[in-house]
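Remarks on the structure that follows.
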Amino acid sequence: MNPNLPGVKEVRRIRGRLSLVLEDTEFGKVYDQTVILRLAQYLKPHWKMTLVSLVAMLLYIGTQIAVPVLVGEAIDRYLRDPDLSVPERVSGLHGIGLMFAGVVVLNLVGNFIHLRGLARVNMSVLYKLRSDMHAHLQRLSTQFFDHNEVGRLMSRVQNDTTALQEFMTIFVVGFAEVLSLILIVLVMMNRNMDLALLCFIVMPVFVVIMIFWQIRARRAFMRIRYAISGVNASLQENITGVRVTQSMNREKVNLSQFDELNAEHLDANLYASKLTAGLMPTVEVLTAVAFGILIVVGGRMEQTGSLELGTMVTFALLVQRFFEPIRALVMQYAMMQRAMTAGMRIFELLDVQPDLVDKPDAQALPPIRGM
């Protein structure tokens, strides 16, 4: 835990120590093999649906990149070629139009199958995880609950499983973003190497900005994680101990403490939202710079005949999409760290063994019912 985070010292003074080994402000590694392998056991029963979702995702990405290429081909082969007659131009454009319509349909189908399959797998894994955690908590000894706050345990069952579910979505989306970025770079370099390298000039500036942004965003997400855990624990303690609170006439004191925690959660979320909102204008500016380079240099190359107009249009469409995968990957970095830590906490809780266990040859009790 970083005590220099705003509000951490005040929250700790009110709420006391954390109950489990891994604190809510700790971020894990982006890739933890132990968590991945154990999570894979939950994905194993759904491998067919996972495979279908991945194939559909590849179809979706491929068709997205195909659209700018088709537009460029239509311009260069049928609109700008002076040797073609009008019927040949019309026939060629009809063919491109049919291909374009087919690509759009495949794009929609691929996106639908991918999202539907991913949602089904995520919900199934989430259901199984929460069921296992609930059943495991029922078997633990009462001493375990004496040493661990119920509010924090509920945070593990609810928030951490949700974070792990987000990880599965982020992992697939991140893979798609990387693949999309690679395809965009390959297409641009294949169409015109010199112009592609000129458009990539802004990349170092973008990477430096993203590094500084990620450092501050990581601290902001850590602060949110700690704050929401404090709110959950405070709610649980005040609701379950409401009789003690009323008997001690501490309603105003407890409400004041909860207001502090709630205000910290609000401030943390507002600060993180400010950071996230500030990233989009940066992406837009760098995209505009790359687009300006394309217009100036590409326009001169087109005038001299060293660049086809269709290729320039293809570049313009691809440049607009180029920075989106990078921005998405950077924003998902902190979420990946949080998800890895959530997975560690979940499986750590599942590994806790009861203090009292039945002997292997213990006789089963007869059915018991209350009055």
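Here Val296 passes the criteria (1) surrounded by 13 or more Cβ atoms within 10 Å (Cβ to Cβ); (2) among the hydrophobic types (A, V, I, L, M, F, W, C); (3) assigned to a helix (DSSP H, G or I); (4) modelled with pLDDT of 80 or more except the one numbered (1). Scoring Asp160 on the criteria (1) within 24 Å of the chain's Cα centre (by Cα); (2) touching a residue at least 60 places away in the same chain (Cβ under 8 Å); (3) farther than 30 Å from Gln41 by Cβ leaves a single failure, condition (3).
Whenever a residue of segment 67-87 is under 29 Å from Leu106 (Cα atoms), its partners that are part of a loop (DSSP other than H, G, I, E, B) and at pLDDT 85 or above, lying with C-beta atoms within less than 9 angstrom and at least six residues away or across chains, give the pairs Gly72/Glu308; Ile75/Glu308; Asp76/Glu308; Arg80/Glu308. When residues in segment 272-284 are screened for being aliphatic (A, V, I, L, M) and either on the phi > 0 side of the Ramachandran plot or exposed (fewer than 14 other Cβ atoms within 10 Å of the Cβ) (or both), 2 of them pass. Checking segment 185-193 against the condition returns no match, with no residue being of a type in the set (S, T, N, Q) and farther than 30 Å from Gly72 by Cβ.
The values are calculated or read from the model by the stated rules, or taken from the named source; none is laboratory data. Keep in mind that what you see is a predicted model, and the values were worked out from it rather than measured. We place every Cβ from the backbone using ideal geometry, glycine too, and count neighbours over all the protein chains shown.
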